[in-house]
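Engineer: One structure, pasted below without further comment.
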Amino acid sequence: MKYLTTMTVLMALGVAFSFVQTTTTRAETATLHMIVCGDYEWGGEAAERHIGKWEAANPSYSVELEYVPWGQCQEKSKTLAAAGKPPALAYMGSRTLKQLAQNDLIVPIAMSDEEKASYAAPILATVTANGQVWGAPRAFSTKALFWNKDLFAAAGLDPETPPKTWDEMYTFASTVKEKTDADGFGLSAASFNNTMHQFMNYVYTNGGEVIDADGEIVFNSPNNVEALTFYGKMAEVSEPGPIAYDRDKLHPLFNEAKIAMMITGPWARAEITDVNWDVAPIPVGPRGRPSTLLITDSLAVFKGSGMEDAAGDLARFLTSPDNQFEFEKSAGLTPLRNVAGVADLRKEDPSWGAFLDAVETGGPEPFVTDYVALEDAIIEAVQGVLLGEVKPADAIAEAARRLEEVK
């Protein structure tokens, strides 16, 4: 296993790139270039150990890993592919797959019916378009509600009873804000993709959708107007200036007992220090049921590397049930499959329950051909309502119109 550190060099006045890739590591050994969004700290030890096992079983190949920050890696993978220098394999957000497939830059993942059946249907929906699977699901997250028991008690609320509905969540947050020095809730509205992700939790817990099973945009619905109206209402009991906060910036506020509740992923449990906390399912809206946004990152096999078969084999090896579960435990992610070890996770740490129980009723991240346009349309709708620039019904209608152009 090797590590690639050569960076893309922007040439004057152009989009030419200098990319150096070693083609062999020793005689008759081909180098399989793999881009990984993120860094080694996030499950890298387990992943690299599994790659080493694959290399040992496939001595004709040496895997060359290149870790690239999230803000750059997806664009870099697409740019290299468009320039005829694709990585063989890339770990990236599943939201990119439909666009890559439409541009003929990736190849489908060969997956048997048995392999498909090992995933919950909403998970497989995050990587499936036109009847084909375009990525091997690699990282998965669900969301849940964290609450500070001590702040609940200080506000006169039962610290063991989290809110179960939107109305309760607003009431509890309002009570905390009124009776303590803390804000009741942490609300994300920054110009960053997880603002869209946060809002989608409200869409799905109120029975809404963005795209239906037939691929039609159904965003302009009473369910979603209610969701955006309530999102704006929660700003009344949240931290000042939510447009300055993305989801991860809320974690320090929770740690410092400046907010009583937040919605986030299972990895936050490792970041919470001295807070007396617990976790529960996301409260449901008047038209909904317990749910969550299901987000996956995937391993995509790029077209034109000459190693499509080997890259596909490596992707399936890394995401095989045992290897995948070991990676998930290392990274603190929600398990993709209900393998034997999942029951042990829940038994050892009951807080996993809220993240696991919502999988079957969760909704997939919308799968469109231009995910950036999707994010922009929804984020602008959220921000417009929070800033008082537009009414929720009008914001939802405008976002739906824009989504028609990128479905």
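The values are calculated or read from the model by the stated rules, or taken from the named source; none is laboratory data. Because the structure is predicted, anything quoted here is derived from the model rather than measured. Cβ sites come from the backbone with ideal geometry, for glycine too, and all protein chains shown count toward neighbours. These area figures cover heavy atoms from the full protein model, side chains too; ligands, DNA and RNA do not enter into them. Shrake-Rupley method; radii C 1.70, N 1.55, O 1.52, S 1.80 Å.
Engineer: Per residue, how large is the accessible surface of the chain? Use a 1.4 angstrom probe and give square angstrom.
Structural biologist: Normalised by residue count, the accessible surface of the chain is 42 Å².
Engineer: For every other residue with a beta carbon closer than 13 angstrom to the beta carbon of G312, add +1 if it is Lys or Arg and -1 if Asp or Glu, then tell me the sum.
Structural biologist: -2
Engineer: Report the local net charge at A129: Lys and Arg +1, Asp and Glu -1, summed over other residues whose C-beta lies under 12 Å from its C-beta.
Structural biologist: Cβ neighbours under 12 Å give a net charge of +3.
Engineer: Within the chain, what percent of beta bridges assigned by DSSP are antiparallel, to the nearest 5?
Structural biologist: The answer is about 55 percent antiparallel.
Engineer: Output needed for region 249-291: three equivalent-ellipsoid semi-axes, defined as square roots of 5 times the C-alpha gyration tensor eigenvalues, in descending order, whole Å.
Structural biologist: Semi-axes (√(5λ), whole Å): 23, 11, 9.
Engineer: Taking a ≥ b ≥ c as the square roots of the eigenvalues of the Cα gyration tensor of region 71-113, is the shape rounded (a/c under 1.5), prolate (a/b larger than b/c) or oblate?
Structural biologist: prolate
Engineer: Any lysines with Cα under 19 Å of the K116 Cα? List them, leaving off those in the same chain fewer than 8 positions away.
Structural biologist: Partners within reach: K98.
Engineer: How would R269, R95, R287 rank on accessible area, largest to smallest, probe 1.4 Å?
Structural biologist: R287, R269, R95
Engineer: Taking the mean number of other Cβ atoms within 10 Å as a proxy for protection, how do you rank 324-333, 107-116 from highest to lowest?
Structural biologist: 324-333, 107-116
Engineer: Rounded to whole Hz and in sequence order, give me ³J(HN,Hα) for region 177-182 from the Karplus expression 6.51 cos²θ - 1.76 cosθ + 1.60, θ = phi - 60°, writing x for Gly and Pro.
Structural biologist: So the J values, rounded to whole Hz, are 5, 6, 10, 9, 8, 9.
Engineer: Over 26 Å apart: what share of the alpha carbon pairs of region 160-316 falls there, rounded to a whole percent?
Structural biologist: 35
Engineer: Same structure, new question: Cross-link candidates for K233: which lysines have Cα within less than 25 Å, leaving aside residues fewer than 8 places away along the same chain?
Structural biologist: K143, K149, K164, K177, K179, K249, K258, K391
Engineer: Also, I was wondering about something else. If you plug each phi of region 384-400 into the Karplus form 6.51 cos²θ - 1.76 cosθ + 1.60 with θ = phi - 60°, what whole-Hz ³J(HN,Hα) values come out, in order, with x for Gly and Pro?
Structural biologist: x, 5, 5, 8, x, 8, 8, 7, x, 4, 6, 5, 5, 4, 5, 4, 4
Engineer: Kindly identify region 259-407 as rounded, prolate or oblate by the Cα gyration tensor criterion: order the square roots of the eigenvalues as a ≥ b ≥ c, call it rounded if a/c is under 1.5, otherwise compare a/b with b/c, prolate if a/b is larger, else oblate.
Structural biologist: Note, shape of region 259-407 comes out oblate.
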